[in-house]
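Enquirer: I'd like to ask some things about the structure below.
The values are calculated or read from the model by the stated rules, or taken from the named source; none is laboratory data. Quick caveat: nothing in here was measured; it's all calculated off a predicted structure. We place every Cβ from the backbone using ideal geometry, glycine too, and count neighbours over all the protein chains shown. Side chains included, ligands, DNA and RNA excluded: accessible areas come from the protein's heavy atoms. Shrake-Rupley method; radii C 1.70, N 1.55, O 1.52, S 1.80 Å.
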Amino acid sequence: CFWFFVYLVFCLCLLELLCIQVIADNVGDNVGDIAGMGSDLFGSYAEASCAALVVASISSFGINHEFTAMLFPLIISSVGLLVCFLTTLFATDFFEIKLVKEIEPALKKQLVISTVLMTVGIAIVSWIALPSTFTIFNFGEQKVVKNWQLFLCVSVGLWAGLIIGFVTEYYTSNAYSPVQDVADSCRTGAATNVIFGLALGYKSVIIPIFAIAISIFVSFSFAAMYGVAVAALGMLSTIATGLAIDAYGPISDNAGGIAEMAGMSHRIRERTDALDAAGNTTAAIGKGFAIGSAALVSLALFGAFVSRAGVTTVDVLTPKVFIGLIVGAMLPYWFSAMTMKSVGSAALKMVEEVR
């Protein structure tokens, strides 16, 4: 009886450790990948909408009180929601997934379908909601813009987001050569792996930067800062689909942990692992959207500020402006360092508690 009691206590301790590990994993996934990414992209969405509405309010939209045209940024968001709802039907009803190898292509296909449908939707609402010719506030002047030019501004941001998402997925998926080369460099030690990985990370930003630069140039040429703001909204218009793809992996991982904790069959765990692997491969697409849209949104917010405040020029050679530039460039590293340190401290305390 004594040894049976010891064995029972030992099993209960193991079960408790497994429960703590699964719960911690589930919390981390939900906080980091779902709530964190969702709040980040929602913030970018709200900022881009506000920037576009501010510029619209001091353009001919606001002067002539053309309410429908002035709400064009919100119409873009509304069309994006409808398109993303429609896109889900392609995975659930139109093209049913029956094999494990079909999961990852289906997730990528969702993003392409939503982008194509969104392009058609924006063309329709640009023709209906906007007048054929209108003026946009451009640093103290009124710039004449046509509705098809604003459609191109939204479209260039939309397709730039798709390119950034797929480039990010190319450089982070084990199905392609970049990650395979990094894995191959591990054979000669950690030093070559770190060097090779850093070099690959630096190289991965080239195409996204050009995509953002082209979208900024085209949208600014057509509709000044209002064009940049709606381009950012275009990039974020299919973000409901992007977030669904990003959250797919954590949800599958959580399901697998719960299945293991509940003592379910090994076959279920294999199925959830396959779903988790596909989700983790495509999860980087959401990160690419978040970073790419942040660049456009920051420029759109700056444009809204200088338009409303009446600032005509910004002299970089002014000491205060240059100081602000270098301090502002330092802030992301400061916040990142504090975040990483807090995560490390929390992980250390969690490990000590489990032990």
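Enquirer: Extension gain Ala329-Arg267, at 0.36 nm per residue separation less the Cα-Cα distance, in nm?
Expert: 17.3 nm
Enquirer: Contact order normalised by length for region 37-159, with contacts defined as Cα pairs under 8 Å and 6 or more residues apart; what percent is it?
Expert: Across region 37-159, relative contact order equals 27 percent.
Enquirer: Related question: Separation between the Leu99 and Leu74 pseudo-spin-labels, each 7 Å from Cα along Cα→Cβ, expressed in nm?
Expert: Each label point is offset 7 Å from its Cα along the Cβ direction, giving 4.8 nm.
Enquirer: Compare the Cα positions of Asn30, Ile122, Leu325 along the charge dipole of the chain (+1 at Cβ of Lys, Arg; -1 at Cβ of Asp, Glu; about the Cα centre) and return the one farthest towards the positive end.
Expert: Leu325
Enquirer: Ok, one more. Of all the C-alpha pairs in region 135-292, what % are more than 18 Å from each other?
Expert: Tail of P(r) above 18 Å: 68 percent of Cα pairs.
Enquirer: Ignoring ligands, DNA and RNA, what percent of the accessible area of region 232-355 is carbon or sulfur (1.4 Å)?
Expert: The value for region 232-355 is 70 percent carbon and sulfur by accessible area.
Enquirer: Tell me the mean residue ellipticity at 222 nm calculated for the chain from its helices only (DSSP H runs of n ≥ 4, each -39500 (n - 2.57), averaged over every residue, nearest 500).
Expert: Taking each H run of at least 4 residues, the total per residue is -27500 deg cm²/dmol.
Enquirer: Assuming R0 = 45 Å, can you tell me the calculated FRET efficiency for the pair Ala106 and Ala337, based on Cβ-Cβ distance, to the nearest 0.05?
Expert: 0.70
Enquirer: Test of understanding: what is the full-extension gain from His65 to Leu89, defined as 0.36 nm times their sequence separation minus their Cα-Cα distance?
Expert: 4.8 nm
Enquirer: So which lysines can Lys320 reach, going by Cα to Cα under 26 Å and dropping same-chain residues fewer than 8 places off?
Expert: none
Enquirer: Using alpha carbons only, how many degrees (0 to 90, rounded to 10) separate the axis of helix 206-236 from the longest principal axis of the chain?
Expert: Here the helix axis deviates by roughly 40 degrees.
Enquirer: In degrees between 0 and 90, to the nearest 10, how far off the longest principal axis of the chain does helix 266-282 point, with axes built from Cα atoms?
Expert: Between the helix axis and the principal axis of the chain, the angle is about 30 degrees.
Enquirer: Label Trp148 and Val306 with points 7 Å out from Cα along Cα→Cβ: what is the distance between them in nm?
Expert: Rounded to a tenth, the inter-label distance reads 3.0 nm.
Enquirer: Okay, next question. If you average the C-alpha positions of region 121-186 and of region 205-261 separately, how far apart do those two centres end up, in angstrom?
Expert: That distance is 9 Å.
Enquirer: If you take the Cα atoms of the chain, find Rg, then find the Kirkwood Rh from the mean of 1/r over all pairs, what is Rg/Rh?
Expert: 1.06
Enquirer: What does the charge count near Glu169 come to, summing +1 for each Lys or Arg and -1 for each Asp or Glu among other residues with Cβ under 10 Å from its Cβ?
Expert: Its environment carries a net charge of +1.
Enquirer: In addition: I'd like the orientation of helix 103-129 relative to the chain: the angle between its Cα long axis and the longest Cα principal axis, in ° from 0 to 90, rounded to 10.
Expert: 20
Enquirer: Around Ile195, with a cut-off of 15 angstrom between Cβ atoms, what is the net charge of the other residues, counting Lys and Arg +1 and Asp and Glu -1?
Expert: So the surrounding residues net to 0.
Enquirer: Moving on. If I take all pairs of Cα atoms in region 206-281, what percentage of them are more than 15 Å from each other?
Expert: Value for region 206-281: 67 percent of Cα pairs lie more than 15 Å apart.
Enquirer: Shifting gears a bit: Cross-link partners among lysines for Lys349, C-alpha distance below 19 Å, same-chain residues fewer than 8 apart left out?
Expert: Lys341
Enquirer: Moving on. Using only the Cα atoms, work out Rg/Rh for region 51-112, with Rh taken as the Kirkwood radius, to two decimals.
Expert: Ratio value, two decimals: 1.31.
Enquirer: Using θ = phi - 60° and the Karplus curve 6.51 cos²θ - 1.76 cosθ + 1.60, what whole-Hz ³J(HN,Hα) does each residue of region 177-185 get, with Gly and Pro shown as x?
Expert: Going residue by residue, I get 5, x, 5, 5, 5, 5, 4, 5, 6 Hz, with x marking Gly and Pro.
Enquirer: Next up: For the chain, give the magnitude of the charge dipole about the Cα centre (Cβ charges: +1 Lys/Arg, -1 Asp/Glu; no others), in debye to the nearest 20.
Expert: Here the chain has a charge dipole of around 660 debye.
Enquirer: Just want to confirm a number: the relative contact order over the chain, from Cα pairs under 8 angstrom separated by 6+ residues, in percent.
Expert: Relative contact order for the chain comes out at 26 percent.
Enquirer: Once you've got the GNM for the chain with C-alpha springs shorter than 10 Å, pick whichever of Ala283, Ala175, Ala329 has the biggest mean-square fluctuation.
Expert: Ala329
Enquirer: Could you tell me which trypsin sites (Lys or Arg not before Pro) in region 40-142 are loop residues by DSSP with no more than 12 other beta carbons within 10 angstrom of their beta carbon?
Expert: Here the trypsin sites (Lys or Arg not before Pro) that fit, given the DSSP loop and packing criteria, are Lys98.
Enquirer: How far apart, in nanometres, would the label points at Tyr176 and Met350 be if each is projected 7 angstrom from Cα along the Cα-to-Cβ direction?
Expert: Computed distance between label sites Tyr176 and Met350 equals 3.0 nm.
Enquirer: Moving on to the next point. First measure r as the distance between the Cβ atoms of Ser132 and Phe210, then evaluate 1/(1 + (r/R0)^6) with R0 = 35 Å and state the FRET efficiency to the nearest 0.05.
Expert: Efficiency at R0 = 35 Å is approximately 0.60.
Enquirer: Taking only protein heavy atoms into account and a 1.4 Å probe, give the accessible area per residue of the chain in Å².
Expert: Averaged over the residues of the chain, the accessible area is 56 Å².
Enquirer: ³J(HN,Hα) across region 71-86 via Karplus (A = 6.51, B = -1.76, C = 1.60, θ = phi - 60°), whole Hz, x for Gly/Pro?
Expert: Karplus-based 3J(HN,Hα) across region 71-86 equals 8, 4, x, 6, 5, 4, 4, 5, 4, x, 5, 4, 5, 5, 4, 5 Hz.
Enquirer: Hey, another quick one. If you plug each phi of region 302-318 into the Karplus form 6.51 cos²θ - 1.76 cosθ + 1.60 with θ = phi - 60°, what whole-Hz ³J(HN,Hα) values come out, in order, with x for Gly and Pro?
Expert: Result, ordered by residue: 5, x, 5, 5, 5, 5, 6, 7, x, 6, 9, 9, 10, 8, 5, 6, 5 Hz.
Enquirer: What are the aspartates and glutamates whose alpha-carbon lies under 20 Å from the alpha-carbon of Lys109, with same-chain residues fewer than 8 places away excluded?
Expert: Leaving aside aspartates and glutamates fewer than 8 places away in the same chain, those within reach of Lys109 are Asp93, Glu96, Glu169, Asp246, Asp276.
Enquirer: Near the amide H of Phe137, under 5 Å away, which other amide H atoms are found, from residues 5 or more places off or on another chain, if H is placed in the peptide plane?
Expert: Residues meeting the amide H criterion: Ser59, Ser60, Lys143.
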